1. Cα-based Rg (one decimal) and Dmax (whole number) for the stretch A:1-101, in Å?
2. Got the relative contact order for the stretch A:491-554 handy, in percent, Cα pairs under 8 Å and 6 or more residues apart?
3. Please work out the Cα center distance from the stretch A:420-469 to the stretch A:198-214, rounded to the nearest Å.
4. Answer rounded, prolate or oblate for the stretch B:8-100, using the Cα gyration tensor with square roots of eigenvalues a ≥ b ≥ c: rounded when a/c is under 1.5, else prolate when a/b is larger than b/c, else oblate.
5. Please give the helix B:42-53 orientation as an angle from the longest Cα principal axis of chain B, in degrees from 0 to 90, rounded to the nearest 10.
6. Measure off 7 Å from each Cα along the Cα-to-Cβ vector at A:GLU548 and A:GLU272, then give the distance between these two points in nanometres to one decimal.
7. Which ³J(HN,Hα) values in Hz, rounded to whole numbers, follow from the phi angles of the stretch A:125-131 under the Karplus curve 6.51 cos²θ - 1.76 cosθ + 1.60, where θ = phi - 60° and Gly and Pro get x?
8. Across peptide B:9-16, how many C-beta atoms of other chains are within 10 Å of each residue C-beta, on average?
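The values are calculated or read from the model by the stated rules, or taken from the named source; none is laboratory data. No experiment lies behind these values; they were computed from the predicted model shown. Backbone-built Cβ (ideal geometry, glycine too); neighbour counts: all protein chains shown. All accessible areas refer to the heavy atoms of the entire protein, side chains included, with ligands and DNA or RNA removed. Shrake-Rupley method; radii C 1.70, N 1.55, O 1.52, S 1.80 Å.
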Amino acid sequence: MYDYNAFDRAFLAERNAQFRSQVERRIDGSLTEEEFRPLRLMNGLYLQLHAYMLRICIPYGTLNPGQMRRFAEVAERWDKGYGHFTTRQNIQLNWPKLKDVPDILDSLGEVGIHAIQTSGNTIRNTTADHFAGAAADEIEDPRPVAELIRQWSTDHAEFQFLPRKFKIAITGSPNDRAVTRAHDIGLRMVRRGAEVGFEVLVGGGLGRTPMLGAVIRDFLPKADLLPYLEAIVSTYNVMGRRDNKYKARIKITVFENGIDVFKAAVEERFVETRAQFSGVDQQILTEIEAQFTPPAFRNAPTEAFDAALASDPVFRAWADTNLAEHRAPGYAIVTVSLKAHGETPGDASSAQMRLLADLAERYGHDELRISHEQNVILPHVHKSDLPAIHAALAGEGLATANVGLISDIIACPGMDYCALATARSIPVAQELATHFRDIGLEQEIGALKIKISGCINACGHHHVGHIGILGLDRAGVENYQITLGGDHTETAAIGERAGPGFAYDQVVPAIERLLRAYLAQRDAPTESFIDAFRRLGPAPFKAALYPEEARDAA
Amino acid sequence: MSRRFTPKVVTANDLLEGDVIYLTADDRWSRAHHEAELIEDEAHAQLRLLFASGQPARVVGAYLAEAKAGPDGPEPTHFREAFRTRGPSNYPHGKQEAANV
Ligand code: HEM
Ligand code: SF4
């Protein structure tokens with residue numbers, strides 16, 4: 001993976017020194033909060049409901065064992081011994097003290113980690129397929145390009161004050177695991193003949209007006225990527241609205257002007273940006289690519305794996321849900337679930353982080369990934385090592401066999417932490433997970449994506465959940481709206497609202513009615529909830545959610 | 001006709017710790033909601049908010065939150081403010097933790 005060079009290190013040390021003096025001046029009273037707020041946000045420091053929160057960037061979701069260990073150490077030394085992994089492939093610390101933040105940032109800086117541009121109207125962390133470089137279905141590892149984008153966008157002078165925040169996602173696989181259509185720019189690697197390039201999507205986003213990105217280029221040669229991104233972002237910088245925060249995202253710019261007008265403006269600007277890029281970016285990309293060479297995969301027998309599958313049902317259940325196909329023979333991609341039933345989705349304790357770092361070092365070619373689904377990935381594991389890994393994970397409560405099932409829920413922090421929240425989301429996720437385990441339906445229900453947000457901002461991706469849950473405040477009481485039929489993959493779709501919302505304690509029973517209706521009406525156990533929903537349409541599911549109305553109408 | 005004024009407390013986050021604090025009648029900042037000054041008059045509420053906002057080296061984001069009188073002092077009326085008096089529901093962290101020890 002990418003190692004910082006001297007320039008990166010010097011830049012980061014300087015930024016951290018600047019922020020340290022800004023914090024000192026805030027504490028001694030020479031800066032007001034109005035002056036300090038934008039400065040702290042530029043460095044990822046928020047003030048939430050109960051405490052400050054530090055949002056730390058994990059570029060394209062990739063980290064090494066040393067960095068994971070450092071998170072563990074920082075969380076223990078300056079926080080409460082755990083971290084929260086988010087859909088944006090970041091990690092958040094929920095309890096830092098203001099005076100400690102400069103020390104935290106210095107400590108992270110030592111391992112090449114920072115919190116820059118994790119907030120503000122800038123280009124945020126570029127998120128990537130968490131199986132990048134390992135997936136069997138991949139054209140090319142997208143991370144060298146993601147790193148190139150990181151270097152281009154970090155501290156990009158023209159793009160520090162965009163109309164609004166800007167998020168780019170990238171995938172190298174036709175199976176979209178990076179939710180590219182829900183990002184300001186989505187990049188999907190495609191082939192044209194022998195040449196590799198990108199399908200470029202623009203204007204996707206969730207929040208209060210969810211929209212799926214539209215294709216602005218169906219094939220962009222790889223070498224044109226940065227000038228083309230520069231053209232899109234600078235066009236948006238000029239055309240994007242600054243009069244209304246809710247209409248400032250690029251999705252609104254594209255929607256209001258139409259994709260054709262927007263595209264014409266981008267293409268015109270591209271003529272200029274392309275001439276300005278001298279090709280240095282391609283030299284840099286070549287250097288970056290050299291740092292992403294695949295590990296030396298070994299050729300070894302997999303009998304130990306086959307034997308464990310045959311003899312150990314617990315291991316087998318875990319292998320069934322938590323492994324994905326690797327491109328190298330004898331290897332697997334391991335998804336470590338951070339969704340143990342009843343725990344907080346995405347949280348990992350320092351002890352768990354250390355174990356994950358150890359396992360990556362011992363068995364996983366020194367690589368770890370954070371998925372937007374708030375799980376941790378060991379991307380390169382030889383199958384013969386899986387029984388040992390599974391046993392070690394079980395010792396730290398990390399062997400939950402539920403990836404892709406009902407309890408593998410995305411949930412934003414909601415009103416347990418977030419100052420913008422209108423309702424809680426974490427306890428809803430916890431109760432759904434334990435309830436369906438306790439009534440024994442989790443395996444039976446099979447593949448299902450539930451995604452929960454604690455307000456209209458949609459940080460929990462509820463719009464693209466097969467079942468989306470949105471927590472609202474209705475006259476001073478928590479109330480939850482359910483959306484159905486969302487899809488976060490290459491067949492992306494925004495879910496539609498099922499009807500009136502449910503009180504906090506009615507959410508789990510409502511979801512149970514909905515899923516019992518699915519079980520009763522599916523074609524076969526192989527027909528997933530989303531497939532059944534597409535075949536049957538919303539009517540039978542709405543009837544299950546609202547039995548009263550169904551009766552009244554009859 | 002203007003809406004009738006409903007009782008409020010002045011609340012904010014502590015600059016250094018980041019945690020929730022309340023303005024008391026004797027001009028202190030307390031970490032306990034029930035020690036807050038329950039303000040029943042609109043003009044007085046504005047004065048108290050100004051007083052709070054004038055302490056940038058101590059507090060961040062002061063605002064008026066709805067409250068009502070209770071047996072031990074003011075109580076929150078909205079669930080958001082109730083959460084702020086306790087902490088998150090997924091761990092015993094925040095104020096509820098301090099109350100435990
Ligand atoms: C301090 C806590 C947070 C604040 C203040 C915050 C704020 C926001 C706001 C205002 C939006 C709406 C933007 C718009 O519609 O223009 C948003 C969207 C979003 N946030 Fe957060 N958020 C927070 C935490 C998180 C967390 C924990 C995650 C990851 C789990 C996250 C991921 C996202 C995503 C994925 C979106 C929707 C995608 C989009 O930008 O359209 N946020 N956030
Ligand atoms: S969706 Fe709302 S409640 Fe959840 S983290 Fe985002 S802003 Fe906070």
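1. So, for the stretch A:1-101, Rg and Dmax equal 14.4, 42 Å respectively.
2. Dividing the mean separation by the residue count of the stretch A:491-554 yields 34 percent.
3. Spelled out, the Cα-based centre of one part sits 23 Å from the other.
4. Cα axes put the stretch B:8-100 in the oblate bin.
5. 50
6. Inter-label distance under the simple model: 6.0 nm.
7. Karplus values, whole Hz, x for Gly and Pro: 3, 6, 8, 9, 3, 6, 9.
8. On the way: counts 0, 0, 0, 0, 8, 3, 9, 7.
Across the residues of B:9-16, the mean count of other-chain Cβ atoms within 10 Å is 3.
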